[in-house]
Structure formats: structure tokens, C-alpha cells
Amino acid sequence: MFLNHIELRNYRNYERIELSTDSQVNLFVGPNAQGKTNLLEAIFTLALTKSHRTGKDKELIGWNADAAHIQGEVEKKYGKVKLDLVFSGQGKKAKINGLEQRKLSDFVGTLNVVMFAPEDLEIVKGTPGIRRRFLDMEIGQVQPGYLHTLQQYGKVLVQRNNYLKTASPGAAQQTMLDVWNAQLAEYGVKIIKKRQSFIHKLERWAENIHSGITAGGEQLNIAYRPSFELDVSQEESVLFEQFMIKLSQVRDQELRRGVTLVGPHRDDMAFYINGKEAHIYGSQGQQRTTALSLKLAEIELIHEEIGEYPLLLLDDVLSELDQNRQTQLIETFQRKVQTFITTTGLESVNLGKLQDARVYQVRGGQVMR
Ligand SMILES: Nc1ncnc2c1ncn2[C@@H]1O[C@H](COP(=O)(O)OP(=O)(O)OP(=O)(O)O)[C@@H](O)[C@H]1O
């Protein structure tokens, strides 16, 4: 797919810009704090209705404004689609070709993107919460129904936690808890199955790509780590039973602590290089290569799932990569993927490989060709 055009109004430090982005490779150059990341963030947000760097939508609205607007025209296999997204004090509104979408999950997935930024190293090094966010955002892009299930699970989790905090001992309490348990397990198992399938496919691509980048020197494996011992390859009905048994086993502990101790909200995933966990034993370079392999794998995975390549957004990462990894990255996208790159200077970019790039200067919320 291809982003033809983007328009921002009161989005972070952009009061108003209209940009035609009709080139395969778009390079945004400028000093620090001028709005380069904000621009990529806007494209990412137009795809997922959420920023990659904040969970607080309010931060996206320009300081002197009440609402932020992002509009874009996307060229897809079946034709052009116009996307509109508005953030305001009342929440967010999303339109596809002028038609307001009742559920945001119906909007997500129209535009697909893969972002690679320095902080992606945290997917390998950081906390389980960062990996869950990565999983959820990526699965949600290709299977919008997943986000709906995730929301339902989140609602049950909040209510169940509230109940656990206030419950007094007795038979009535057990009956009520049984109701919450069944709902938690029903949505939880759906999430677990989707995560398992996504990680399995991601591993297939990432293993290959990683081996290519390291000239066959390193084998990358990815493992799903559910919050309790579970054979995730089993059918949903079997997993449901196992989940319910686990909930009954941790019941007293949960009542004491007033919080749900097992379920997808505590899942994790692990990366192994030549059999050793990258998080613990990997060098900074190996961890960075792992993050890069993951991102490149995502591009292929999205293509496999939806039949079109996503946009690739590279935020200030080229200068961090050595020549070999830069070449691998450029060669991957040059053939098939529309790419948006930010950099503070062209000297760190392998321009020989980016002959047809369109270069834009970014200064204080203005973008010039
Ligand atoms: N809601 C907002 N309203 C107005 N300006 C904002 C808002 N949020 C951030 N900014 C401004 O945006 C600028 C940062 O832009 P951005 O993060 O895109 O920088 P950048 O060009 O990518 O720089 P770097 O190369 O350092 O990453 C800062 O000047 C910041 O004050």
C-alpha cells in the first residue's frame, strides 16, 4: 500500500501542513526537536489510532488547540481510501471515506505500518509490558477483531479485580467469582491462541531474516511465555478448562491480594540467540539485530496476512546501524515497501542505495521539499 497524501492540523507542533508523499522513499531531515518524529508518529497513529510513544491521546493535541486532526489518502490494491482521525477532549473519532466508524477497531487495519525506532530495543531488553504492547498492536493491525476481544478481556479484568478487592468470604462470593472466571477464561483463551499463532509465524520469518543479517552466524528463536504453564498448541476448549483449573488453584491467593494473578495480562515472550536468552546474554549489537529482524519479519508477516506490504517508518535508526545491517534494511524495503525515514543528517545515510528518495527539510513544524 501507498500513502499518497497526509494533512495535519494542530497535531503536536504542526499547526497545519499538507504533504504529498508520492515517492517510494521519503527522507525527512532536520535538527533535533523540529517535528520529524511527530510526523512519523502521525502516520503511525493514522494506522493504529494510537501513538507508538504515548498512551495519552491528549499529548497529541497542539498546545494551543482543542483538537488534533490527521487526514491521509491511502492507495490500496482495491483503490483509494480516505482516512480521517480527530482527537479532542471528547475522545477520538475516525472516518473511512467520510463515514464515521462506530468502533475504532473497524478503522484499524485500513492503513498498515511497521515502525522501527531506537526504543524498539526495549522489546528485547525491556519489561514484559512492552512486549505485550508490541504483540497487541501488531496482532491488532492484521486482525482487528483481536482488539475487540482485548477490550472485553480488559473490562472483565477490571471488574474482577474490583470484586477481588471487596469480596467477603462465603458461598455467594464463590458463585460470583465463578461467573467472572468463566468470562476471563473465555476471552483470555482467544487472546492466548491469537498470540501463539502470531509468535509462531513471526518466528518463522524472523529466524530467516536474522540468519541473513548475521551471515548464518546466529539463530534466532522466539518463545511464547504464558503467565502459567499451558500447552498453547491445544484447542480452545482444552485451554479453557486449564485456565479455569488454574484460577481455582490461585483463588485464595487472589482474594488475599485483591488482584488477578494469571491470564494474558501477565504474558510474556522471550528471544533466544543460539539457544541463549537475548535479554540476559545478548550483547547490545545482538539485541539491536534481534529488534531489526523482528521488524523486518513483521513486514513479511503483514504481507502474508493481508496480501499487501505495510508502510515502513524508520525513526532515526539508520545512523545506529552498521553498514551491513543498513544495507539489509534498505534492500528489504527498496523493492516493495513505501518508506519514511527521519534523520538529523544525510551523512549517516547510505544515499548510494537511496537514489530515488525524496528529501524534505523539517524546521519548527514546517516541512519543505
Ligand atoms: N502537543 C504538542 N504541542 C506542540 N508542540 C509539541 C507537542 N508535543 C511535542 N511538541 C514539540 O515537538 C517537538 C519535538 O518534535 P519531535 O519529537 O518530532 O522531534 P524530532 O524532530 O524528531 O527531534 P529528534 O531528532 O531530537 O528526535 C518539541 O519541540 C516539542 O516541544
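Here, each number is a calculation from the coordinates, and none is a lab measurement. Bear in mind the structure is a predicted one, so any value in this text is a computation, not a measurement. So basically every Cβ, Gly included, is an ideal-geometry build from the backbone, and we count neighbours across all protein chains shown.
Just subtract the alpha-carbon distance of GLN151 and ARG335 from 0.36 nm times their residue separation and send over the number in nm, one decimal.
Once the chain is fully extended between GLN151 and ARG335, it gains 62.5 nm.
Below 8 Å between Cα atoms, with a sequence gap of 6+, how large is the relative contact order for the chain in percent?
26 percent
Past the 36 angstrom mark, what percentage of all C-alpha to C-alpha distances in the chain do you count?
Summing the P(r) tail past 36 Å for the chain gives 28 percent.
Looking at the stretch 116-306, I'd like the Rg to Rh ratio, where Rg is from alpha-carbon atoms and Rh is Kirkwood's inverse mean 1/r.
Over the Cα atoms of the stretch 116-306, Rg/Rh equals 1.03.
Counting DSSP beta bridges with both partners in the chain, what percentage is antiparallel, nearest 5?
Taking every DSSP beta bridge with both residues in the chain, the antiparallel ones total about 70 percent.
Test of understanding: ordering LYS194, LYS103 by Cβ neighbours within 10 Å, fewest first, what list do you get?
By the 10 Å Cβ count, ascending: LYS103, LYS194.
Which of the peptides 37-46, 225-234 is most tightly packed, and how do the rest follow, judged by the mean count of other Cβ atoms within 10 Å per residue?
37-46, 225-234
Give the relative contact order (percent, whole number) for the stretch 116-306; include only Cα pairs under 8 Å separated by 6+ residues.
It comes to 33 percent, rounded to a whole number.
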